[in-house]
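**Q** The structure is given below, and queries will be raised subsequently.
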Amino acid sequence: TNSNRASSRPSLFKLFFKPNFAFILLFQNQSQNPQEQTSFSCSSQSTSTSSSLEPVVVPVPIHELLGRTMTVENITNGMKEWSLEDMSAEAKTAMSKKEKAILWGRPGYLTTEEVKVYSQFREWLLKQDQTVKNTVYSFTEAEGEVWTLTRWLRARKYVLANTIAMVNEATAERADPRKADYYPDAYVALGVDPSIYVSQYPQLYAGFSKDGCPVFYSKPGRLNIDAVEAITTIPGILNYHWHIMQHDYTDRMLKYKEEHPDFTRFECVSVLDLDKLTLGQLGSRTLDIIKKQAFIDSLCFPETMNKMVIVNAPRFFSATWGVIKGFLDARTSAKVEIFSSMTAAKAKLREIISDDNLPSDYGGTAESTTSILAREAASGKSGRDRLLSEVIYVRSTQSLKFTLEDNEEVDIYVYTKAIDGANFRIMNSSKKELAPSMKVKHTGSTSDKEQASVIHLNPAGRVSGVKEIKIKAESLKTRMSSEAYLVVVNFYKK
């Protein structure tokens, strides 16, 4: 039993608001300033308190507002050049309220005042050093100037002072990761094989949407926080997040841009699968990870959510979605769709993603996410053929069983921060020991900044020649609560 599980009698706040706050944070990069009133007006001096969803088009010609010399300046993005007039060309086009909310602040749909702020932001950026420019162009200049700058401006409602402050804060936040080149080696970033981490918190990119956006699948309902804490640290998780954003995600978009030069939406479609999610999983430790990752995304990679589809939403989440929407602006809520039924979700996903890009477990014909994760676990530095990782909770005794194929052999490791420790034995079905017993105990502190202890249960060589293996753990001390151990089994072909 996990001794850190939530109380069986949570308060109403915890029951309805605290769990869902985790998901509010996931949307936060679309609604940057929760203190500000939702507004689609803009000012270079102060924030408007208007709650109107429709931009006010100032009936003043752009050349009078900005000066004639500014109107001839063209802004190149891929195969298209934008004049300042182009930036507001579609602002008066008849659109639905939802379309206006989604297209607000994008090139072609700016108000006259927003074009003015855009130009001021661009002039300010041109005067900055390369470090600041790299903050804004985090996905490189291939994204295109107009798309990059309007993305940052939307994040601060086209308030120039707030946008500049955001860029400066983001530059400071990126300082340490920048020195490490944003951790190009995922293994070094995490301090552990990434496949082991992902096995306990399944998340992956798979395919592209019809608009060309990478599609990210996350399964927080299968997150085991005890396992995550046993294999890595909070700094390690954040380093890995930087790796994903600056190397994995960015590389996917740049490759797509190279193949499709007219691609401009450097955004992501997210599929959030809440299958098996419970209130108990959303404790303070889980929220801490989500909050810190969301902070990085909202500050350093603003306005990158193209669409979020939440599937297998449990009752406690669906019932309070109306409350969550109150924390979000219209643009964000327009991008989010929630389904408790996978059947309905699959139909929506097929509208966004073509069948050959949509994994089969979500209604398409592409490789399933389960298969992708298993295949990726078998690749890389480990050389293994497959991976098994499972947490066991030991108060007195606990065991784990698994089977080997005829041509397989295994290496077995245990990751833990258990202070009291346990004695581990590897046995066959006849209870014969296959390796000397090992004492497994964490020798350091339980700080979330300190790596867990890793013990190799069979250091003399891989185990083979048996069909079934049982790993038995016996606590070294009498305990009132359990300690967590992540058992990792690497399977190899002989």
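**Q** Rounded if a/c is under 1.5, else prolate if a/b beats b/c, else oblate: with a ≥ b ≥ c from the C-alpha gyration tensor eigenvalues square-rooted, which is region 299-443?
**A** Numbers: a/c = 2.69, a/b = 1.88, b/c = 1.43.
It comes out prolate by the Cα gyration axes.
**Q** Another question, then. Whole-Hz ³J(HN,Hα) for each residue in region 265-270, computed from phi via Karplus 6.51 cos²θ - 1.76 cosθ + 1.60 with θ = phi - 60°, x for glycine and proline: what do you get?
**A** Residue by residue, region 265-270 yields 8, 7, 10, 10, 9, 10 Hz.
**Q** Given contacts defined as C-alpha pairs under 8 Å and at least six residues apart, what's the relative contact order of region 335-410, whole-number percent?
**A** Answer for region 335-410 is 12 percent.
**Q** Could you work out what % of the accessible surface of region 82-179 is carbon and sulfur, using a 1.4 angstrom probe and leaving DNA, RNA and ligands out of the count?
**A** 49
**Q** Quote the FRET efficiency, to the nearest 0.05, computed for D385 versus S481 with a Förster distance R0 of 41 Å and r equal to the Cβ-Cβ distance.
**A** 0.65
**Q** Next up: Which sequence of K100, K335 reflects their accessible areas, 1.4 Å probe, from the largest down?
**A** Sorted descending by solvent-accessible area, the residues read K100, K335.
**Q** Report the one residue of A344, T365, T446 whose Cα lies farthest in the direction of the positive end of the charge dipole of region 317-471 (charges on C-beta: Lys and Arg +1, Asp and Glu -1; origin at the Cα centre).
**A** It is T446.
**Q** Defining a contact as two alpha carbons under 8 Å apart and six or more residues distant in sequence, what relative contact order in percent does region 386-493 show?
**A** Details: 260 pairs, mean separation 54.7, N = 108.
Relative contact order here is 51 percent.
**Q** Taking a ≥ b ≥ c as the square roots of the eigenvalues of the Cα gyration tensor of region 82-179, is the shape rounded (a/c under 1.5), prolate (a/b larger than b/c) or oblate?
**A** Prolate.
**Q** Please identify every one of the trypsin sites (Lys or Arg not before Pro) in region 135-241 that sits in a loop by DSSP and has no more than 11 other beta carbons within 10 Å of its own beta carbon. Walk me through the numbers before you get to the answer.
**A** Working: sites: R151, R154, R156, K157, R174, R178, K179, K210, R222; in loops: R156, K157, R174, K210.
Loop-located and lightly packed - none at all.
**Q** Continuing with this model, one more query. For the full complex of protein chains and a 1.4 angstrom probe, list D262, D329 by accessible area with the highest value first.
**A** D262, D329
**Q** Would you check the accessible area of D86, probe 1.4 Å, heavy atoms only, in square angstrom rounded to 10?
**A** Accessible area, nearest 10 Å²: 50 Å².
**Q** Here is a follow-up. Could you work out the per residue convex hull volume over the alpha carbons of region 186-379, in cubic angstrom?
**A** 126
**Q** Just to confirm, what accessible area per residue do you get for region 386-493 at 1.4 Å probe, in whole Å²?
**A** 49
**Q** Please list E85, E483 in order of solvent-accessible area, largest first, computed with a 1.4 Å probe with all protein chains present.
**A** Putting E85, E483 in descending order of accessible area: E85, E483.
**Q** A further question on this structure: Just report the Cα centroid separation between region 188-225 and region 310-367, whole Å.
**A** First find each Cα centre; the distance between them is then 17 Å.
**Q** With r as the distance between the Cβ atoms of W321 and E450 and R0 = 30 Å, compute the FRET efficiency 1/(1 + (r/R0)^6) and round to 0.05.
**A** 0.20
**Q** Under 4 °C and 1.567 mPa s, how fast does region 386-493 diffuse according to Stokes-Einstein, given a Kirkwood radius computed over C-alpha pairs? Answer in µm²/s, whole number.
**A** Translational diffusion coefficient: 91 µm²/s.
**Q** Here is a follow-up. In debye, nearest 20, what is the charge dipole magnitude of region 386-493 about its Cα centre with +1 on Lys and Arg Cβ and -1 on Asp and Glu Cβ, if you could check?
**A** Charge dipole, region 386-493, about its Cα centre: 320 debye, nearest 20.
**Q** Going by amide H atoms built from the backbone, whose H comes under 5 Å of the H on L434, apart from near neighbours?
**A** The answer is I426, M427, N428.
**Q** Evaluate the relative contact order of region 75-190 (contact order divided by residue number), counting alpha-carbon pairs under 8 angstrom at least 6 apart; express in whole percent. Could the numbers behind the result be given before it?
**A** Details: 95 pairs, mean separation 30.0, N = 116.
The value is 26 percent.
**Q** Which of the residue pairs K97/K335; K292/K439; K441/K493; K179/K257 have a Cα-Cα distance greater than 24 Å in the structure shown?
**A** Correct reply: K292/K439; K441/K493; K179/K257.
**Q** Then there is this: Compute the FRET efficiency between V188 and D248 as 1/(1 + (r/R0)^6), taking r as their Cβ-Cβ distance and R0 = 25 Å, and round to the nearest 0.05.
**A** Details: r = 14 Å, r/R0 = 0.58.
Efficiency, rounded to the nearest 0.05: 0.95.
**Q** While we're looking at this one, here's another question. Whenever you get a sec, compute what percent of the accessible area on region 186-379 sits on carbon and sulfur atoms (1.4 Å probe). If you can, show how the numbers build up before the last one.
**A** Working: 3540 of 6960 Å².
Using a 1.4 Å probe with all protein chains present, region 186-379 comes out at 51 percent carbon and sulfur.
**Q** Keeping all protein chains in position, work out how much accessible area M342 exposes to a 1.4 Å probe, and write it in Å² to the nearest 10.
**A** 40
**Q** Give me the percent of the accessible area of region 386-493 that comes from carbon and sulfur atoms, probe 1.4 Å, all protein chains in place.
**A** 44
**Q** Hey, another quick one. Taking region 392-449, how much of its Cα-Cα pair set, in percent, is spaced more than 14 angstrom apart?
**A** Counting pairs separated by more than 14 Å, the tail of P(r) holds 65 percent.
**Q** I want the local charge near T369. Using Cβ-Cβ distances under 12 Å, sum +1 for each Lys or Arg and -1 for each Asp or Glu among the other residues.
**A** Its environment carries a net charge of -2.
**Q** Using +1 on the beta carbon of Lys and Arg, -1 on that of Asp and Glu, and nothing else charged, what's the dipole of region 288-391 about the Cα centre, debye to 20?
**A** Working: 14 positive and 13 negative charges, 45 e Å.
That gives region 288-391 a dipole magnitude of about 220 debye.
The values are calculated or read from the model by the stated rules, or taken from the named source; none is laboratory data. Owing to the predicted nature of the structure, the values given are computational and were not obtained by experimental measurement. Note that we place each Cβ from the backbone using ideal geometry, even for glycine, and neighbour counts take in every protein chain shown. Protein only, heavy atoms only, side chains kept; ligands, DNA and RNA dropped before computing areas. Shrake-Rupley method; radii C 1.70, N 1.55, O 1.52, S 1.80 Å.
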